[in-house]
Amino acid sequence: GDQDQTTCCELLTTPGPPANPTCDTMQCPNGDPNDDGWFAKADHKSFHCTGNPCDVSVDTLVCCDKALTCDLNCYGDGGKSVQLKGATGDQVNGLTLQQCQDTCINSAGCEAVVFAQAGGQCWGRQDIHTSKCQPADAHQTHILRARPWGKCVLMGDPHIIPFDRPFGPNLEALAAGDYWLIKSNQLQVQGRFDVTERFPDDASTTGIAVGGPLVGDHSFVVAYLGPTKGPAGFRVTWDGKVIFAEQEAQLQDPDGKWDFASVDDDFQAEFGKMDPSLWHREARHTIAQGVQKVHSFKFTFKQASLNIYLILGPDNFNTIIEAKKVPGPQDGYCGNFNCNPDDDAVEALKGRDKAQAVDWQDEENMFGKDESGTWGPVKKVGDGIPMDALENCDPAVLENARTKCRGLPAKNQQEACIFDACAAGKASVGKATNADLATAAWESHIESTELENGQ
């Protein structure tokens with residue numbers, strides 16, 4: 001109030017009301033401006049977002065006229081209950097969707113609603129985590145303010161579960177190279193997919209790089225460098241300096257931990273034996289079967305609301321990226337986080353020019369511009385076209401895998417199981433029987449299913 005209004009509100013020089021001072025930190029989800037850039041309101045008032053996102057402290061309906069609608073039921077673990085105004089608890093019945101949203105807007109702490117058309121059931125929610133929500137059934141979740149959390153999972157060779165596809169289908173396999181996982185003005189995350197000893201013809205995740213304003217324009221890279229297998233073969237750099245190498249990996253106490261914090265404490269890193277089941281039902285895929293804890297990294301970027309968990313294999317890792325929806329548009333193999341799973345398909349990514357690998361010489365390649373000089377290009381850079389191990393699968397391996405994997409409950413699990421057996425088959429000729437390969441893939445997916453069901 002004591003600041004100059006022009007500085008605070010960026011008054012427009014064109015006729016009309018001033019730019020909405022709350023349009024600064026959250027992308028207007030699903031909002032479509034009029035031709036002149038104004039967001040029309042039903043009450044004949046208008047707000048202008050000047051191309052910027054809306055503030056997390058106010059509902060997106062005020063700024064953008066539309067909520068972020070997800071075909072998910074985010075009751076239960078998917079969010080926290082909120083007392084709705086005029087109700088005895090978090091539920092009100094007999095409302096229209098608009099009335100349900102209005103009730104949330106006028107209730108302290110309410111950020112979203114779960115709405116069921118039958119009976120006009122309305123539940124107030126906050127702190128939405130889409131990865132913990134359930135399939136929609138007869139419910140939908142409408143996020144009115146604040147940015148939701150989600151998880152993007154990279155596993156195996158690789159199978160990718162984007163933010164908007166918590167129940168699949170997965171994106172399957174990439175040629176070796178460096179790819180965008182999250183590309184936005186505020187946050188950038190790239191993944192490195194490289195050939196490994198286990199999968200010499202199919203790429204696995206071997207590196208992650210992070211940068212952008214939300215991490216204070218610092219640079220972070222973690223990747224397998226070798227030649228030693230296991231934790232000692234991995235390196236972590238922060239602002240071009242190696243902070244984790246062989247010395248840090250050689251813990252005298254098998255249950256000991258290494259940790260690191262940036263000067264401002266915004267970035268924190270931890271290494272030790274951890275339980276992958278705490279992070280995601282698929283976290284153990286192909287790596288951590290038969291043991292409760294396995295060597296892992298946990299990286300936390302506080303301002304960015306970003307957590308990265310890595311479950312280490314001999315020369316690769318599974319990755320769980322837990323993040324809030326980025327302020328402003330985002331894209332990449334983790335998806336655009338708009339609650340529309342259809343536009344995260346590989347063909348859709350190609351149409352948005354986000355499916356191709358980032359060339360090593362490209363100035364946008366975050367591994368190439370790391371000041372430590374630690375990283376070279378991937379061993380075999382592909383053309384960015386998704387690979388399919390099924391095309392050249394040994395017929396005996398394929399037949400055994402189809403028989404074994406048929407017992408898995410979900411179609412996408414069956415398909416991933418068969419894919420893993422075929423991909424491993426090319427790397428295991430002479431080392432295992434076809435039946436062994438199918439059994440290993442099947443057991444990996446069975447264990448993930450049991451963990452998901454709490455067995």
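The values are calculated or read from the model by the stated rules, or taken from the named source; none is laboratory data. Quantities reported herein were computed from a predicted structural model and do not represent experimental measurements. Please note: Cβ atoms are built from the backbone with ideal geometry, for glycine as well, and neighbour counts cover all protein chains shown. Note: areas computed on protein heavy atoms with side chains; ligands, DNA, RNA excluded. Shrake-Rupley method; radii C 1.70, N 1.55, O 1.52, S 1.80 Å.
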Considering residues that are touching a strand residue (DSSP E or B) at 6+ places or on another chain (Cβ under 6 Å) and either closer than 17 Å to Ala136 by Cβ or not polar (S, T, N, Q) (or both), the number found within the stretch 79-100 is 9
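Evaluate the stretch 160-178: report whether one residue or more is within 25 Å of Ile243 (Cα to Cα) and not in a loop (DSSP other than H, G, I, E, B). Lay out the reasoning, then the answer.
Restricting attention to the stretch 160-178, the residues satisfying the condition of being within 25 Å of Ile243 (Cα to Cα) are 177-178.
With not in a loop (DSSP other than H, G, I, E, B) added as a condition, the list becomes 177-178.
Within the stretch 160-178, one or more residues are within 25 Å of Ile243 (Cα to Cα) and not in a loop (DSSP other than H, G, I, E, B).
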If you check Asp157 against the conditions, is it in contact with a Ser or Thr (Cβ under 7 Å, 6 or more places away or on another chain) and either assigned to a loop (DSSP other than H, G, I, E, B) or surrounded by 20 or more Cβ atoms within 10 Å (Cβ to Cβ) (or both)? yes
Inspect the stretch 172-194 for any residue being more than 20 Å from Lys151 (Cα to Cα) and among the hydroxyl-bearing types (Ser, Thr, Tyr) and give the result as yes or no. no
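Let's see how each residue does on (1) open to solvent by 60 Å² or more (accessible area, probe 1.4 Å); (2) part of a strand (DSSP E or B):
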| position | (1), (2) |
| --- | --- |
| Thr237 | no, yes |
| Asp264 | yes, no |
| Glu282 | no, no |
| Gly290 | yes, no |
| Ser296 | no, yes |
Name every residue in the stretch 98-154 that is of a type in the set (A, V, I, L, M), surrounded by fewer than 19 Cβ atoms within 10 Å (Cβ to Cβ) and in a loop (DSSP other than H, G, I, E, B), in order of residue number. Ala108, Ala136, Ala138
Within 23 Å of the chain's Cα centre (by Cα), surrounded by fewer than 24 Cβ atoms within 10 Å (Cβ to Cβ) and without any contact (Cβ under 8 Å) to a residue 12 or more places away in the chain - does that describe any residue in the stretch 206-223? yes
If you scan the stretch 224-234, which residues turn out to be hydrophobic (A, V, I, L, M, F, W, C), surrounded by fewer than 23 Cβ atoms within 10 Å (Cβ to Cβ) and touching a residue at least 24 places away in the same chain (Cβ under 8 Å)? Leu225
Hey, can you tell me all the residues within the stretch 298-355 that are in a loop (DSSP other than H, G, I, E, B), crowded, with 21+ Cβ neighbours inside 10 Å, over 14 Å from the mean Cα position of the chain (by Cα) and of a type in the set (A, V, I, L, M)? Ala355
All but one of (1) modelled with pLDDT under 95; (2) more than 14 Å from the chain's Cα centre (by Cα); (3) farther than 20 Å from Gln356 by Cα hold for Ala176; state the number of the condition that does not hold. (3)
